[in-house]
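*Asks:* Okay, here's the structure, questions in a sec.
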Amino acid sequence: MSALLRYSVKRVLIGIPVILLVSLFIFLLMWMLPGDPLELMLLGERVTPERMKELKKSWGLDQPVYIQYFYWLSHVIMGDFGYSIVTRLPVSQLIWSRLPYTIQLTFTALVLSYVFGIPIGVVAALKRGTIIDNIIIGAATFFYSMPTYWLGLILMLTFGLYLKWFPISGATSLESMVLPLLTLTLPYVAMSARIVRTEMLEVLTEDYVRTAWAKGLPSRRVILRHALRNALIPLTVMFFLYLPWIIGGAVIVETVFAWPGMGTLLYKSILKQDYPVVQAIVLVITILTVVCNILGDIVSALLDPRIRVEKGA
Amino acid sequence: MESIKGSLLKKFETRSMLGLARFKEFLLLLLHYKASCIGLCIVMGIAFLAIFAPIIAPQHYAEIDVPNKLLPPSLAHPFGTDALGRDIFSRVVYGAQIALWVGLIVVLIEALIGTSLGIIAGYFNGKIDKIISALADLVWSFPTVVLALGVVMVIGPGITQVVIAIAITSWPSFTRIIRAKVQSMVNREFILAARSIGESDLNIMLRYLLPNIISTILVLATLTLPSAIISTTALSFLGFGAQPPTPDWGAMLSEGASLLIKAPWVATFPGIFIVITALGFNLLGDGLRDLLDPKLRW
Amino acid sequence: MIYVDAPLLTVKNLKTYFYLSKGVLKAVDGVSLTIKRNEVFCLVGETGCGKSVTALSIMRLIFHPGKIVDGNIIYEGIDLLKLPESEMRKIRGKEIAMIFQSPMKSLNPVFNIGYQISEAPIVHFNLPHEDAWKKAVELIGKVKMPDPEIRAKSYPHVLSGGMRQRSMIAMMISCEPKLLIADEPTTALDVTVQAQIMDLLLEIKKRSGMSIMLITHNFGLVAERGDDVAVMYSGKVVEEGSVKDVFDEPLHPYTRGLLGCIPVGFKRKTEIDYIPGTLPSPINPPVGCRFHPRCKYATEKCVKEEPQLIEIGKNHTVACHLYGE
């Protein structure tokens, strides 16, 4: 187990400077905006002149840029992202109230896309060349070519407006989650199924699968334990990489269906030029992406023993 | 008694890389893969629309005719009119121009950045490779939309800004694959031979490696074009890409979104065209990939 | 009724074709051979003549686009080709086992070898896991790998080629099969390791009385260790007999050519005898005797008619028009 541990620690250690670099990049990006962004951040709060002075000091606004970065960083680590220009609320509070909705949507979408995508991909691989396989590939390519927003609108139109089966906006009930969830999930089911199918087809022709057949193992065991186990390695790693993508997709889906998550917050904030909020959301998502990358690496090392030795200690 | 495809395959394998004859056979073989045939037709159709837009479109895309607003599809207006009375059919046709043009530029930038980094990473290995690969992994996993929105907030909305933003997050898809290909070629004898006669690294990369990966680049370009188009239209949909009156398909979709019950045709037609275009390139790309470089997956 | 000196495995007129887009590839086109108990049976021929496909057909491991089209494979009185898959599964690994050519790719990279060796006994004998593991460790010792307890927990990629092949052997003898098919088991290994592996295989054979079907293109190996041999050419058996008979008196021109190709000693010869021409395409084999385009003794009959296997001498058969009526 120690090779795995060593590899994980290494990855995390590399990840920390990456996160710092990324935060620096975002900080500088915001700094390019007209006006002093930190000042704008604090404009949100209604303050007395003394309080304003206090705040300026705590954020280091009287200091040169590079020092400001460290003040900013220390606040951010504490969870203080400043104040929203528009609503005058602390940004962290805004994000916190929206985050659960986004997580609800994205996580469910991710899990469902695997729950459906993997079996579909396996079936397609096992029935290669038959009509079922062709249908599956066709459908997968179709959904994969579809932009999320269009899918959302079409679903909204058919199931929401014409058939009136599901609500088309808001997060009022479990039913209101159906359409946005479907919109987000379908393209990823398609992607996962395609990947699983390709991987399975490749793995099934590998010599070690032939060895498994030669041992007289039952089909179920050969396919699930020997073939699928290997075929799923890239897909399991992709799980962690899908997450940032799905969040990106959620931005659009949330906007279309008025789902009160971080996505709509981001969209509205950009429209209203509420910089502190945008900065905070972009930072959170970036950090999440780095973390997902690290997790993805660790998981791939966990599943494929070869990686531990090559890249590990 | 060989099948036609079989004899074509045989001929295909025994000739050398260049030559018009090979290209002809290549097309014939491509036609046998029905799916990519459909893809090719779609791509050619959309390209045709894009190139001949001014001739095909009955009206200019910005021609406003408010009294005739929100008319359903008819002979005069095959796709109906939008909220400002503009002919949707014309707008969709001009939209093809924009979509293809924008898509091509995005892919071009991506390919340039991605391929050069990929070749460098695969050729030099070691530390440079590690840095480039780590960077590529990170950038690739980042959601394009979010970064594009961030960029848009800083430098303002507009098609050019969006193009840059999208190209900046998407180049890793080229880099990883090119890197893998270069790595597989670097140890082959012809590269070693070139080195042994004193060829400079740059020369080797440009004159030995590059010609061998052109087919891969082509396949990748065809396959990433749909994502480029979808991403740019997504940003226009949100209002940050093309600005009115530009007939970007995404922008038209967003106009139509609020009119979904009253006038569903406003959103439906541009949407259909986006899907068909993306589908066309995906099918064509899949076929190209199976022919030129079957080891490329996904 | 099965007699003790009845043959272990008889292949009669086996035909395995592959249906490709280029055409039908007739990899095995009418192969017949007989393997006795407790012997080393060698199947020799050039690369691409159909040896491996024959072996895979015996194991019924031919997948799409291949298909076993015709023939009988009689094992202990049962025709394997007529068995349902569920019954065939019980024979694979348990009665007839097979080891493959490239041990690096034939072992699953994500399981340790102890697990992989214990799988067959668990499935075939319903052994509980601890017992199967103990058996695996025992087998690792039997194939002469040091520190079996530790080795069992290793993953394939840390092992050398020789050790991987030993692991494969351990895997396949775990259920004590009566026939072990070895498809070029030593080709991918170093020369020194080759000898060790062959010695190991023969020792196992001696102890357990199993037969080995050795597929190889290395005649030295055949001469040293083989009991019986069958020579294959372009999907057919052209000569079969005991190693002594075939090597002392090769009947078929192809066999003669092959044996003549081997440089012997340091005699002053200006050239190595070789067989002119190349292997015929398996999709479009020549009509008549498949060897006739390259044969010195070809006659008109050879061009038109395919020769059948005829017995010349005790258990020495040949398919050539030069012999028989």
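*Asks:* Please give the number of the condition residue B:83 fails out of (1) more than 30 Å from residue A:17 (Cα to Cα); (2) modelled with pLDDT of 80 or more.
*Replies:* Result: residue B:83 fails condition (2) only.
*Asks:* On to the next question. Name the single residue, out of those in the range A:140-151 being in contact with a Leu (Cβ under 8 Å, 6 or more places away or on another chain) and free of Cβ contacts under 8 Å to residues at least 40 places away in the same chain, that is farthest from the other protein chains (Cβ to nearest Cβ).
*Replies:* Here the residue is A:151.
*Asks:* Can you confirm whether the range B:105-119 contains a residue that is over 30 Å from residue B:71 (Cα atoms) and within 12 Å of chain A (Cβ to nearest Cβ)? Give the derivation first.
*Replies:* First, the residues of the range B:105-119 that are over 30 Å from residue B:71 (Cα atoms): B:105-119.
Among the residues that remain, those that are also within 12 Å of chain A (Cβ to nearest Cβ) are: none.
Taking every residue of the range B:105-119 in turn, none turns out to be over 30 Å from residue B:71 (Cα atoms) and within 12 Å of chain A (Cβ to nearest Cβ).
*Asks:* Okay, next question. Any idea which residue in the range C:116-143 is farthest from residue C:175 (Cα to Cα), counting only those that are within 13 Å of another protein chain (Cβ to nearest Cβ) and surrounded by fewer than 18 Cβ atoms within 10 Å (Cβ to Cβ)?
*Replies:* Checking each candidate, the answer is C:126.
*Asks:* Could you list, in sequence order, all residues of the range C:49-98 that are part of a strand (DSSP E or B), within 29 Å of residue C:285 (Cβ to Cβ) and free of Cβ contacts under 8 Å to residues at least 12 places away in the same chain?
*Replies:* C:79
*Asks:* Looking at (1) touching an Asp or Glu at 6+ places or on another chain (Cβ under 6 Å); (2) facing another protein chain (nearest Cβ under 8 Å), which is the one condition that is false for residue B:267?
*Replies:* (1)
*Asks:* Now for a separate question. Could we say that residue A:82 is on the phi > 0 side of the Ramachandran plot and surrounded by 14 or more Cβ atoms within 10 Å (Cβ to Cβ) here?
*Replies:* Considered against the rule, which asks whether it is on the phi > 0 side of the Ramachandran plot and surrounded by 14 or more Cβ atoms within 10 Å (Cβ to Cβ), residue A:82 comes out as yes.
*Asks:* Hey, among the residues in the range A:51-69 that are surrounded by 13 or more Cβ atoms within 10 Å (Cβ to Cβ) and of a type in the set (Phe, Trp, Tyr), which one's modelled with the highest pLDDT?
*Replies:* A:69
*Asks:* Given (1) surrounded by fewer than 22 Cβ atoms within 10 Å (Cβ to Cβ); (2) assigned by TED's automatic domain parsing to the domain that holds residue C:206; (3) of a type outside the set (D, E, K, R), where does residue C:159 come up short, assuming only one miss?
*Replies:* Of (1) surrounded by fewer than 22 Cβ atoms within 10 Å (Cβ to Cβ); (2) assigned by TED's automatic domain parsing to the domain that holds residue C:206; (3) of a type outside the set (D, E, K, R), only one is false for residue C:159: (2).
*Asks:* Pick out the one residue from C:273, C:228 that is of a type outside the set (S, T, N, Q) and modelled with pLDDT of 85 or more. Steps first, please.
*Replies:* Details: C:273 fails: modelled with pLDDT of 85 or more.
Just a single option satisfies the conditions, and that option is C:228.
*Asks:* So which of B:123, B:94 ends up being among the aromatic types (Phe, Trp, Tyr), farther than 20 Å from residue A:249 by Cα, within 20 Å of the chain's Cα centre (by Cα) and in a helix (DSSP H, G or I)?
*Replies:* Being among the aromatic types (Phe, Trp, Tyr), farther than 20 Å from residue A:249 by Cα, within 20 Å of the chain's Cα centre (by Cα) and in a helix (DSSP H, G or I) holds for just one of B:123, B:94, which is B:94.
*Asks:* Can you find a residue that is part of a loop (DSSP other than H, G, I, E, B) and aliphatic (A, V, I, L, M) anywhere in the range C:165-187? Spell out how you get there, then give the answer.
*Replies:* First, the residues of the range C:165-187 that are part of a loop (DSSP other than H, G, I, E, B): C:174-178, C:184-187.
Checking the rest, the ones that are also aliphatic (A, V, I, L, M) come to none.
No, every residue in the range C:165-187 fails to be part of a loop (DSSP other than H, G, I, E, B) and aliphatic (A, V, I, L, M).
*Asks:* Among the residues that make up the range C:85-95, is at least one of them away from chain A (no Cβ under 13 Å) and in contact with a helix residue (DSSP H, G or I) (Cβ under 9 Å, 6 or more places away or on another chain)?
*Replies:* no
*Asks:* Something else now. Go through A:178, A:189 for me and flag whichever is buried (at least 23 other Cβ atoms within 10 Å of the Cβ) and more than 10 Å from chain B (Cβ to nearest Cβ).
*Replies:* A:189
*Asks:* Quick one: residue A:143 ticks every box in (1) farther than 23 Å from residue A:195 by Cα; (2) within 20 Å of the chain's Cα centre (by Cα) bar one, so which box is it?
*Replies:* (1)
*Asks:* Same structure, new question: Can you name the condition, by its number, that residue B:70 falls short on among (1) more than 23 Å from the chain's Cα centre (by Cα); (2) crowded, with 20+ Cβ neighbours inside 10 Å; (3) farther than 25 Å from residue A:285 by Cα?
*Replies:* Looking at each condition in turn, residue B:70 falls short on (2).
*Asks:* In the range A:270-285, what count of residues is obtained for those that are more than 17 Å from residue A:107 (Cα to Cα), assigned to a helix (DSSP H, G or I) and either at pLDDT 85 or above or not hydroxyl-bearing (Ser, Thr, Tyr) (or both)?
*Replies:* Total satisfying the criteria: 10.
*Asks:* All but one of (1) charged (D, E, K, R); (2) without any contact (Cβ under 8 Å) to a residue 12 or more places away in the chain; (3) under 30 Å from residue C:124 (Cβ atoms) hold for residue A:175; state the number of the condition that does not hold.
*Replies:* All conditions pass for residue A:175, except number (3).
*Asks:* Related question: Which one is farthest from residue C:24 (Cα to Cα), of the residues in the range C:275-297 that are among the β-branched types (Val, Ile, Thr) and either touching a residue at least 40 places away in the same chain (Cβ under 8 Å) or surrounded by fewer than 15 Cβ atoms within 10 Å (Cβ to Cβ) (or both)? Walk me through how you get there before you give the answer.
*Replies:* Applying the first criterion (among the β-branched types (Val, Ile, Thr)) to the range C:275-297 yields C:275, C:278, C:283, C:287.
Adding the requirement that they be either touching a residue at least 40 places away in the same chain (Cβ under 8 Å) or surrounded by fewer than 15 Cβ atoms within 10 Å (Cβ to Cβ) (or both) leaves C:278, C:283, C:287.
On the way: C:278: 20, C:283: 6, C:287: 15 Å.
Within the range C:275-297, the match that is farthest from residue C:24 (Cα to Cα) is C:278.
*Asks:* Name the residue, out of B:168, B:191, that is more than 15 Å from residue B:114 (Cα to Cα) and β-branched (Val, Ile, Thr).
*Replies:* B:191
*Asks:* Looking for something at the interface with chain A (Cβ under 9 Å from one of its Cβ atoms) and not in a helix (DSSP H, G or I) - is there at least one such residue anywhere in the range B:128-146?
*Replies:* Scanning the range B:128-146 turns up at least one residue that is at the interface with chain A (Cβ under 9 Å from one of its Cβ atoms) and not in a helix (DSSP H, G or I).
*Asks:* Which of the helices (runs of 4 or more DSSP H) found entirely inside the range C:189-264 contain at least 3 residues meeting this: among the aliphatic types (A, V, I, L, M) and touching a residue at least 40 places away in the same chain (Cβ under 8 Å)?
*Replies:* C:191-208
*Asks:* Another question, if that's okay. Quick test for you: out of A:137, A:118, A:154, pick the one residue that is in contact (Cβ under 8 Å) with a residue 60 or more places away in the chain, within 27 Å of the chain's Cα centre (by Cα) and within 11 Å of chain B (Cβ to nearest Cβ).
*Replies:* Of the residues listed, the single one that is in contact (Cβ under 8 Å) with a residue 60 or more places away in the chain, within 27 Å of the chain's Cα centre (by Cα) and within 11 Å of chain B (Cβ to nearest Cβ) is A:137.
*Asks:* Six or more apart or on different chains, Cβ under 7 Å: which pairs go from a residue in the range B:45-61 that's crowded, with 19+ Cβ neighbours inside 10 Å to one that's among the basic types (Lys, Arg)? Could you list them?
*Replies:* Note: pairs meeting the criteria are B:61/B:86; B:61/B:91.
*Asks:* Could I ask something else about it? Does residue B:109 meet the test of being surrounded by fewer than 17 Cβ atoms within 10 Å (Cβ to Cβ), out of contact with any strand residue (DSSP E or B) (no Cβ under 8 Å at 6 or more places or on another chain) and farther than 18 Å from residue B:246 by Cα?
*Replies:* In short, no.
*Asks:* Now for a separate question. Would you mind finding the one in A:217, A:204, A:186, A:126 that is more than 30 Å from residue C:89 (Cα to Cα) and not β-branched (Val, Ile, Thr)?
*Replies:* A:186
The values are calculated or read from the model by the stated rules, or taken from the named source; none is laboratory data. These numbers were taken from a predicted model, which means no experiment stands behind them. With ideal geometry, Cβ positions are generated from the backbone for all residues, glycine too; neighbour counts draw on all protein chains shown.
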